[in-house]
Amino acid sequence: MSDSAARDQDAAETESAFSHPVVAPDVSAAYGSHPDQVIDFYAPRDGRAGAPVVVVLHGGAWRAPYDRLHISPFADFLARRGFAVASVEYRRGSELPQQRGSGPVAGRWPETFDDVAAAMDALPELLARHMPAADARRTVVTGHSAGGQLALWAAARHVLPEGSPWRLPRAPALRGVVALAPIADFASAVRLDVCSGAIGQFLGRAEDFAERSAHADPALLLPTGIATAVVQGTTDLTVPQAVSEAFVDAAAQEGETVGLTLLPDVGHFPLIDPAADACAVVAEEIAQLAW
(Lines give C-alpha, C1' and ligand atoms only; values in the text may rest on other atoms or scores of the structure.)
Protein backbone atom coordinates (compact mmCIF):
# COMPACT_ATOMS: atom_id res chain seq x y z
CA MET A 1 0.00 0.00 0.00
CA SER A 2 1.37 3.43 -0.94
CA ASP A 3 1.86 6.10 1.70
CA SER A 4 -0.94 8.13 0.18
CA ALA A 5 -3.34 5.18 0.18
CA ALA A 6 -2.40 4.37 3.77
CA ARG A 7 -3.13 7.92 4.86
CA ASP A 8 -6.47 7.89 3.04
CA GLN A 9 -7.40 4.61 4.68
CA ASP A 10 -6.38 5.92 8.09
CA ALA A 11 -8.52 9.03 7.61
CA ALA A 12 -11.55 6.95 6.59
CA GLU A 13 -11.11 4.58 9.54
CA THR A 14 -10.76 7.46 11.97
CA GLU A 15 -13.88 9.15 10.60
CA SER A 16 -15.86 5.93 10.95
CA ALA A 17 -14.76 5.32 14.53
CA PHE A 18 -15.69 8.83 15.60
CA SER A 19 -18.98 8.93 13.68
CA HIS A 20 -20.95 7.03 16.33
CA PRO A 21 -22.99 9.01 18.85
CA VAL A 22 -21.89 8.94 22.46
CA VAL A 23 -23.65 6.18 24.40
CA ALA A 24 -24.68 7.15 27.92
CA PRO A 25 -23.84 4.61 30.63
CA ASP A 26 -26.43 2.92 32.78
CA VAL A 27 -24.79 4.39 35.85
CA SER A 28 -21.65 6.33 36.74
CA ALA A 29 -19.79 6.11 40.03
CA ALA A 30 -16.94 8.13 41.50
CA TYR A 31 -13.82 6.41 42.81
CA GLY A 32 -12.33 9.68 44.09
CA SER A 33 -13.04 13.36 44.55
CA HIS A 34 -11.62 14.70 41.27
CA PRO A 35 -14.15 15.13 38.42
CA ASP A 36 -12.12 12.74 36.25
CA GLN A 37 -12.16 10.00 38.88
CA VAL A 38 -15.27 8.26 37.62
CA ILE A 39 -16.26 4.90 36.14
CA ASP A 40 -19.14 4.46 33.67
CA PHE A 41 -20.96 1.14 33.94
CA TYR A 42 -22.78 -0.55 31.07
CA ALA A 43 -24.94 -3.52 31.99
CA PRO A 44 -25.03 -6.55 29.67
CA ARG A 45 -27.82 -5.88 27.21
CA ASP A 46 -29.10 -9.44 27.38
CA GLY A 47 -29.73 -9.03 31.11
CA ARG A 48 -27.82 -12.17 31.97
CA ALA A 49 -26.64 -12.78 35.51
CA GLY A 50 -23.04 -13.78 36.06
CA ALA A 51 -21.74 -11.80 33.09
CA PRO A 52 -17.97 -11.35 32.93
CA VAL A 53 -16.61 -7.87 33.60
CA VAL A 54 -14.58 -5.92 31.06
CA VAL A 55 -12.65 -2.91 32.32
CA VAL A 56 -12.09 -0.44 29.47
CA LEU A 57 -9.28 2.12 29.50
CA HIS A 58 -9.54 4.64 26.69
CA GLY A 59 -6.67 5.99 24.65
CA GLY A 60 -5.81 9.42 23.32
CA ALA A 61 -2.09 9.71 24.08
CA TRP A 62 -2.89 10.43 27.75
CA ARG A 63 -3.94 13.94 26.60
CA ALA A 64 -6.85 15.88 28.12
CA PRO A 65 -8.92 16.47 24.96
CA TYR A 66 -9.44 12.71 24.59
CA ASP A 67 -11.75 11.36 27.27
CA ARG A 68 -13.88 8.26 27.72
CA LEU A 69 -16.74 9.59 25.61
CA HIS A 70 -15.09 8.57 22.36
CA ILE A 71 -14.90 4.96 23.47
CA SER A 72 -18.48 4.77 24.77
CA PRO A 73 -19.78 3.14 21.54
CA PHE A 74 -17.16 0.41 22.04
CA ALA A 75 -18.23 -0.03 25.67
CA ASP A 76 -21.84 -0.35 24.52
CA PHE A 77 -20.75 -2.82 21.81
CA LEU A 78 -19.22 -5.04 24.49
CA ALA A 79 -22.34 -4.72 26.63
CA ARG A 80 -24.38 -5.88 23.64
CA ARG A 81 -22.05 -8.88 23.46
CA GLY A 82 -23.09 -9.87 26.97
CA PHE A 83 -20.34 -8.29 29.06
CA ALA A 84 -20.68 -6.03 32.07
CA VAL A 85 -18.48 -3.06 31.20
CA ALA A 86 -16.64 -0.60 33.43
CA SER A 87 -15.23 2.33 31.43
CA VAL A 88 -12.65 4.19 33.49
CA GLU A 89 -11.86 7.89 33.30
CA TYR A 90 -8.55 9.15 34.65
CA ARG A 91 -6.58 12.38 34.84
CA ARG A 92 -4.70 13.17 31.67
CA GLY A 93 -2.38 15.94 30.52
CA SER A 94 -3.19 19.59 30.96
CA GLU A 95 -5.62 21.32 28.62
CA LEU A 96 -2.98 24.03 28.25
CA PRO A 97 -0.10 23.63 25.79
CA GLN A 98 3.31 22.77 27.14
CA GLN A 99 4.67 25.59 25.03
CA ARG A 100 3.25 27.72 22.26
CA GLY A 101 2.26 25.54 19.32
CA SER A 102 3.16 22.24 20.99
CA GLY A 103 -0.37 21.04 21.66
CA PRO A 104 -1.75 19.49 24.85
CA VAL A 105 0.66 17.80 27.22
CA ALA A 106 0.47 14.01 27.53
CA GLY A 107 -0.35 12.55 30.92
CA ARG A 108 0.23 13.63 34.49
CA TRP A 109 2.87 12.10 36.68
CA PRO A 110 1.94 10.55 39.07
CA GLU A 111 -1.78 11.34 38.90
CA THR A 112 -2.60 9.25 35.83
CA PHE A 113 -1.23 6.13 37.54
CA ASP A 114 -2.75 7.13 40.88
CA ASP A 115 -6.13 7.13 39.19
CA VAL A 116 -5.85 3.84 37.33
CA ALA A 117 -4.64 2.12 40.51
CA ALA A 118 -7.43 3.69 42.59
CA ALA A 119 -10.08 2.76 40.02
CA MET A 120 -8.95 -0.86 39.89
CA ASP A 121 -8.79 -1.05 43.69
CA ALA A 122 -12.29 0.44 44.05
CA LEU A 123 -13.82 -1.70 41.32
CA PRO A 124 -14.93 -4.72 43.40
CA GLU A 125 -16.92 -2.56 45.80
CA LEU A 126 -18.40 -0.44 43.02
CA LEU A 127 -19.40 -3.53 41.07
CA ALA A 128 -21.08 -5.01 44.13
CA ARG A 129 -23.02 -1.79 44.59
CA HIS A 130 -23.95 -0.93 41.02
CA MET A 131 -23.76 -4.20 39.06
CA PRO A 132 -24.29 -6.96 41.61
CA ALA A 133 -25.31 -9.50 38.97
CA ALA A 134 -21.89 -9.31 37.26
CA ASP A 135 -19.26 -11.94 37.99
CA ALA A 136 -16.24 -9.98 39.22
CA ARG A 137 -14.24 -13.22 39.32
CA ARG A 138 -14.23 -13.10 35.52
CA THR A 139 -12.63 -9.72 34.95
CA VAL A 140 -10.63 -8.81 31.85
CA VAL A 141 -8.92 -5.47 31.36
CA THR A 142 -8.72 -3.98 27.88
CA GLY A 143 -7.40 -0.69 26.61
CA HIS A 144 -6.71 1.04 23.32
CA SER A 145 -3.47 2.80 22.38
CA ALA A 146 -2.34 4.77 25.48
CA GLY A 147 -5.14 2.93 27.29
CA GLY A 148 -3.50 -0.31 26.18
CA GLN A 149 -0.38 0.75 28.05
CA LEU A 150 -2.50 1.46 31.12
CA ALA A 151 -4.29 -1.90 30.81
CA LEU A 152 -0.98 -3.77 30.67
CA TRP A 153 0.26 -1.69 33.60
CA ALA A 154 -2.86 -2.45 35.66
CA ALA A 155 -2.14 -6.16 35.20
CA ALA A 156 1.51 -5.73 36.22
CA ARG A 157 1.26 -3.82 39.49
CA HIS A 158 2.54 -6.79 41.48
CA VAL A 159 5.85 -6.65 39.60
CA LEU A 160 6.40 -2.92 39.98
CA PRO A 161 9.70 -1.96 41.65
CA GLU A 162 9.87 -2.31 45.41
CA GLY A 163 8.69 0.86 47.07
CA SER A 164 6.34 1.83 44.27
CA PRO A 165 3.17 3.40 45.70
CA TRP A 166 1.11 1.38 43.21
CA ARG A 167 2.68 -2.01 43.85
CA LEU A 168 0.37 -4.85 44.88
CA PRO A 169 1.52 -7.64 47.20
CA ARG A 170 0.16 -10.25 44.83
CA ALA A 171 -1.10 -10.55 41.27
CA PRO A 172 -4.45 -8.83 40.65
CA ALA A 173 -7.48 -11.09 40.35
CA LEU A 174 -7.81 -10.87 36.58
CA ARG A 175 -8.66 -13.42 33.93
CA GLY A 176 -6.37 -11.52 31.60
CA VAL A 177 -5.64 -8.39 29.64
CA VAL A 178 -6.34 -7.61 25.98
CA ALA A 179 -4.26 -4.68 24.77
CA LEU A 180 -5.38 -2.99 21.55
CA ALA A 181 -2.58 -1.36 19.54
CA PRO A 182 -0.92 -0.55 22.86
CA ILE A 183 1.98 1.80 23.50
CA ALA A 184 3.58 -1.22 25.11
CA ASP A 185 7.30 -0.72 24.55
CA PHE A 186 8.55 2.76 25.32
CA ALA A 187 11.95 2.40 23.66
CA SER A 188 10.49 1.54 20.26
CA ALA A 189 7.67 4.05 20.67
CA VAL A 190 10.12 6.86 21.40
CA ARG A 191 12.26 5.83 18.44
CA LEU A 192 9.20 5.96 16.18
CA ASP A 193 7.96 9.21 17.79
CA VAL A 194 4.60 7.67 18.59
CA CYS A 195 1.96 10.33 19.26
CA SER A 196 4.40 13.20 18.71
CA GLY A 197 6.56 12.84 21.77
CA ALA A 198 3.79 11.82 24.16
CA ILE A 199 5.96 9.45 26.19
CA GLY A 200 8.60 12.07 26.85
CA GLN A 201 5.92 14.52 27.94
CA PHE A 202 4.31 11.92 30.18
CA LEU A 203 7.48 10.85 31.96
CA GLY A 204 8.87 14.34 32.21
CA ARG A 205 12.45 15.55 32.27
CA ALA A 206 15.16 13.52 30.59
CA GLU A 207 16.82 12.82 33.94
CA ASP A 208 13.55 11.27 35.19
CA PHE A 209 12.91 9.14 32.11
CA ALA A 210 14.79 5.96 33.05
CA GLU A 211 13.57 5.89 36.64
CA ARG A 212 9.97 6.53 35.71
CA SER A 213 10.07 4.07 32.82
CA ALA A 214 10.84 1.32 35.34
CA HIS A 215 7.45 2.09 36.93
CA ALA A 216 5.48 2.62 33.72
CA ASP A 217 6.85 0.80 30.66
CA PRO A 218 4.97 -2.50 30.14
CA ALA A 219 8.01 -3.99 28.39
CA LEU A 220 9.98 -3.55 31.62
CA LEU A 221 7.26 -5.06 33.81
CA LEU A 222 7.63 -8.68 32.78
CA PRO A 223 6.83 -11.44 33.38
CA THR A 224 3.44 -10.87 34.99
CA GLY A 225 1.92 -14.35 34.99
CA ILE A 226 -1.32 -12.76 33.75
CA ALA A 227 -2.78 -14.08 30.50
CA THR A 228 -2.09 -11.37 27.94
CA ALA A 229 -3.19 -10.85 24.35
CA VAL A 230 -2.35 -8.02 21.97
CA VAL A 231 -4.48 -7.12 18.95
CA GLN A 232 -2.74 -4.99 16.34
CA GLY A 233 -3.54 -3.73 12.86
CA THR A 234 -0.75 -4.11 10.33
CA THR A 235 -1.42 -0.71 8.73
CA ASP A 236 -1.64 1.26 11.97
CA LEU A 237 -0.03 4.67 11.42
CA THR A 238 -0.57 5.87 15.01
CA VAL A 239 1.01 3.02 16.99
CA PRO A 240 2.92 0.93 14.45
CA GLN A 241 3.03 -2.85 14.53
CA ALA A 242 6.70 -2.71 15.55
CA VAL A 243 5.75 -1.42 19.01
CA SER A 244 3.53 -4.42 19.76
CA GLU A 245 6.10 -6.81 18.35
CA ALA A 246 8.80 -5.31 20.58
CA PHE A 247 6.60 -5.92 23.63
CA VAL A 248 5.85 -9.50 22.61
CA ASP A 249 9.58 -10.10 22.05
CA ALA A 250 10.39 -8.62 25.47
CA ALA A 251 7.89 -10.97 27.08
CA ALA A 252 9.40 -13.96 25.28
CA GLN A 253 12.84 -13.03 26.56
CA GLU A 254 11.40 -13.19 30.07
CA GLY A 255 9.87 -16.60 29.42
CA GLU A 256 6.30 -15.37 29.03
CA THR A 257 4.08 -16.00 26.02
CA VAL A 258 1.93 -13.10 24.88
CA GLY A 259 -0.62 -13.75 22.18
CA LEU A 260 -0.35 -11.43 19.19
CA THR A 261 -3.23 -11.19 16.73
CA LEU A 262 -2.26 -9.21 13.63
CA LEU A 263 -5.13 -7.91 11.52
CA PRO A 264 -4.06 -7.36 7.88
CA ASP A 265 -4.89 -4.00 6.31
CA VAL A 266 -6.37 -2.69 9.55
CA GLY A 267 -5.31 0.60 11.09
CA HIS A 268 -5.57 2.12 14.54
CA PHE A 269 -9.22 2.86 15.15
CA PRO A 270 -11.15 -0.12 13.72
CA LEU A 271 -10.23 -2.01 16.91
CA ILE A 272 -12.74 0.14 18.82
CA ASP A 273 -15.18 0.86 15.98
CA PRO A 274 -18.40 -1.15 16.36
CA ALA A 275 -18.93 -0.86 12.59
CA ALA A 276 -15.63 -2.60 11.81
CA ASP A 277 -14.99 -6.33 11.59
CA ALA A 278 -11.89 -5.80 13.72
CA CYS A 279 -14.06 -4.89 16.68
CA ALA A 280 -15.71 -8.32 16.58
CA VAL A 281 -12.24 -9.90 16.67
CA VAL A 282 -11.46 -7.86 19.78
CA ALA A 283 -14.67 -9.02 21.46
CA GLU A 284 -13.78 -12.63 20.71
CA GLU A 285 -10.29 -12.20 22.19
CA ILE A 286 -11.87 -10.82 25.35
CA ALA A 287 -14.43 -13.63 25.47
CA GLN A 288 -11.73 -16.28 25.21
CA LEU A 289 -10.12 -14.95 28.39
CA ALA A 290 -13.32 -14.04 30.23
CA TRP A 291 -15.08 -17.38 29.82
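The values are calculated or read from the model by the stated rules, or taken from the named source; none is laboratory data. Every value quoted in this text rests on a predicted model; they were computed, and no experiment measured them. Glycine gets a Cβ as well: all are built from the backbone with ideal geometry, and neighbour counts include every protein chain shown. Keep in mind that these areas ignore ligands, DNA and RNA; they rest on the heavy atoms of the full protein, side chains included. Shrake-Rupley method; radii C 1.70, N 1.55, O 1.52, S 1.80 Å.
Tabulated data
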item	result
For the chain, Kirkwood radius (reciprocal of mean inverse C-alpha pair distance, Å)	18.8 Å
Nonlocal amide H pairs with V266, under 5 Å, H built at 1.01 Å	T234, T235
Normalised per residue, the volume of the convex hull around the Cα set of the range 106-180 (Å³)	101 Å³
Å² per residue, accessible surface of the range 40-163 at 1.4 Å	35 Å²
Karplus 3J(HN,Hα) series, Hz, for the range 77-88 with 6.51 cos²θ - 1.76 cosθ + 1.60 (x for Gly, Pro)	4, 5, 4, 6, 8, x, 9, 8, 10, 10, 9, 9
Cα pair distances in the range 157-259, grouped into 5 Å bins until the bin that holds the longest one, percent each	2, 13, 21, 24, 20, 14, 5, 1
Tail beyond 17 Å, pair distance distribution of the range 176-222 (Cα, percent)	31 percent
For the range 215-224, 3J(HN,Hα) per residue [Karplus equation, 6.51 cos²θ - 1.76 cosθ + 1.60, θ = phi - 60°, Hz, x = Gly/Pro]	9, 9, 7, x, 5, 9, 10, 9, x, 9
The chain - percent of accessible surface contributed by carbon and sulfur, probe 1.4 Å	51 percent
Relative contact order %, the chain, counting alpha carbon pairs below 8 Å whose residues are six or more apart	19 percent
HN-Hα J in Hz across the range 31-47 - Karplus 6.51, -1.76, 1.60, θ = phi - 60°, x for Gly and Pro	10, x, 8, 6, x, 7, 8, 9, 10, 9, 10, 10, 6, x, 5, 8, x
Cβ-Cβ FRET estimate between D277 and A173, R0 fixed at 25 Å, reported to 0.05	0.20
Spin-label pair E284/Q253, simplified geometry with 7 Å Cα→Cβ offset, distance in nm	3.2 nm
